[in-house]
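Trainee: One structure is given below, represented as structure tokens, and several questions about it will come after.
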Amino acid sequence: MPVAAHQLVHTLSYGDAISGEVLALQRVFRVQGRLSEIYSINTHPKLKGQARDYRELDPAFDGELILHYSLGSPLNACYAAAHSATRTLIYHNLTPAHWFAGVNPRLVLDIEEGIKALPQLCLISKRLIADSKFNAGELAGLGFEARVLELPIDPSRWEIEANPGIAKIVRDKGGVHVLHVGRLAPNKCVEDVIKSFYYLRRYVKHNSHLWLVGIDIDTELYTFALKRMVHDFDMSQFVTFAGCLADSEVKALYENCSLYLCMSEHEGFCLPVVEAMHFGLPVMALATSALPDTIGNGGILLREKRHPEIGELMAQVAQDENLRARLIAAGRERVKDLSFDNFARHVAEVF
């Protein structure tokens, strides 16, 4: 009988990159014939029934136990107490606490706690895995060697019809549509996306639109500042704060927008840029943290935050058919490396 493989994740979220890997791992383990359960503190209502309360995990469990690590959490003590299990820590990165100073003091404390606990948890783990070279480098800086297991793009998640209403809205508006998907958090530097879009409108005035998709739970003050900036720039009618969308709605934006812009200064992997490339959406991103490795040769990497020039470049990407075709082809080539089949094969090698 194959050894059971259970996972610990603080929050099993809908559409979240970490949660996507959790579900992908469970799928691989179950194909292998393993018993595989997910234990979490919080579970999104749309995923109800797919995770169990972490307090239900048997302390005497002696199979594979995997902790998805991204902040200080009661799960860390649960993982440390599982002495009979074969423990694996998957490091998804800890966003530096300074990004949340003045935005959410509780998040600052959770991150600082996570930083303190990380070395000891690494010491008790049989395996250390990072989902990017950047994250593996952070563990190396602490004296620990980790194997890289990149996040997959799972086509089965997107085997749904794109929301026809949103697709029609984008098509009917015409013009250049810029997309950003991800939590509205200070490290994402969404203000730089807004500033670049402001200059894009100097080149493409008519019907250009910015779509900001993502939740702001725990970072509401930051979102307020972003909305104030949009108002001050007199662009409220051209910027949509869409919040959390269903996969069918996000798919409609991936398929119908003109380009994807990421100006984040700190990413452990950044799955949305991969999803954008998967759907044939040209990607532009700031060359920081894990983004150069995640994008590879699949998009345009920006070395400086020169908003007027980025705005001009976005207009060119949207309107130059030859450049656009080259970027789409390069993005799809990069995504081949991140297929679910490759992920499943790597999981079999690691475990």
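Read-outs: derived from the displayed coordinates by stated rules, not from any lab. Because the structure is predicted, anything quoted here is derived from the model rather than measured. Please note: Cβ atoms are built from the backbone with ideal geometry, for glycine as well, and neighbour counts cover all protein chains shown.
Trainee: Let me know the charge dipole size of the chain about its Cα centre in debye, to the nearest 20, where only the beta-carbon of Lys, Arg (+1) and Asp, Glu (-1) is charged.
Mentor: Values: 36 positive and 42 negative charges, 83 e Å.
The dipole of the chain has a size of about 400 debye.
Trainee: I've got another one for you. Taking only DSSP H segments of four or more residues, each worth -39500 (n - 2.57), what value at 222 nm results for the chain once the sum is divided by all its residues, to the nearest 500 deg cm²/dmol? List each step's numbers first, then the result.
Mentor: On the way: 13 runs with 151 residues, N = 351.
Mean residue ellipticity, 222 nm, calculated: -13000 deg cm²/dmol.
Trainee: Top mean-square fluctuation among Ala60, Ala51, Ala80, Gaussian network model of the chain, C-alpha springs under 10 Å?
Mentor: Ala60
Trainee: Expressed as a rounded percentage, what relative contact order does the chain have, with Cα pairs under 8 Å and six or more residues apart?
Mentor: 15 percent
Trainee: How large is log10 of I(q)/I(0) for the stretch 159-336 at q = 0.11 Å⁻¹ when the intensity is taken from the Debye formula with one equal scatterer per alpha-carbon?
Mentor: Relative scattering, expressed as log10 I(q)/I(0), comes to -0.41.
Trainee: Sort the following peptides by mean Cβ neighbour count (other Cβ atoms within 10 Å, averaged over residues), highest first: 2-9, 122-129. Can you show the working numbers first?
Mentor: Working: 2-9: 20.9, 122-129: 16.4.
Put in order of decreasing packing, that is 2-9, 122-129.
Trainee: Further, regarding this structure: Excluding Gln237 itself, what net charge comes from residues whose Cβ is under 12 Å from its Cβ, given Lys and Arg +1 and Asp and Glu -1? Could the numbers behind the result be given before it?
Mentor: On the way: positive: Lys173, Arg201; negative: Asp234.
Residues near Gln237 contribute +1 overall.
Trainee: At a 10 angstrom cut-off on C-beta neighbours, averaged per residue, how do the peptides 149-159, 256-266, 189-199 rank from highest to lowest? Show your work: numbers first, answer last.
Mentor: Working: 149-159: 17.2, 256-266: 23.2, 189-199: 21.4.
The packing order, highest mean first, is 256-266, 189-199, 149-159.
Trainee: Can you tell which of Arg147, Arg228, Arg183 shows the greatest fluctuation in a Gaussian network model of the chain with Cα springs below 10 Å?
Mentor: Largest GNM mean-square fluctuation: Arg228.
Trainee: Which one of Ile41, Leu139, His346 is farthest out on the positive end of the charge dipole of the chain, using unit charges on Cβ (Lys, Arg +1; Asp, Glu -1) and the Cα centre as origin?
Mentor: The one lying farthest along the dipole's positive direction is His346.
Trainee: I want the local charge near Leu128. Using Cβ-Cβ distances under 9 Å, sum +1 for each Lys or Arg and -1 for each Asp or Glu among the other residues.
Mentor: On the way: positive: Lys126, Arg127, Arg147; negative: Glu145.
Combined, the nearby Lys, Arg, Asp and Glu give +2.
Trainee: Can you tell me the order of 64-75, 311-322, 130-141 when each peptide is scored by its average per-residue count of other Cβ atoms within 10 angstrom, highest first?
Mentor: On the way: 64-75: 22.1, 311-322: 16.6, 130-141: 19.7.
The most tightly packed comes first, giving 64-75, 130-141, 311-322.
Trainee: Tell me which of Leu323, Cys189, Tyr14 sits at the most positive position along the dipole axis of the chain, charges placed on C-beta atoms (Lys, Arg +1; Asp, Glu -1).
Mentor: Leu323
Trainee: Using Cα springs under 10 Å in a Gaussian network model of the chain, which residue among Asp110, Asp172, Asp216 shows the largest mean-square fluctuation?
Mentor: Evaluated over the chain, the most mobile residue of the options is Asp172.
Trainee: What is the projected area of the convex hull of the Cα atoms of the stretch 5-149, averaged over all directions, in nm²? Walk me through the numbers before you get to the answer.
Mentor: Values: hull surface 34.8 nm².
If I average the Cα hull's projected area over directions, I get 8.7 nm².
Trainee: For mean projected area of the Cα convex hull in nm², several values are listed as [x] 17.0; [y] 20.0; [z] 24.1; flag the one computed from this structure.
Mentor: Calculated mean projected area of the Cα convex hull in nm²: the matching label is [x].
Trainee: Please tell me the relative contact order of the stretch 1-157 in percent, rounded to the nearest whole number, where contacts are Cα pairs under 8 Å and at least six residues apart.
Mentor: Details: 272 pairs, mean separation 30.8, N = 157.
About 20 percent, as a whole number.
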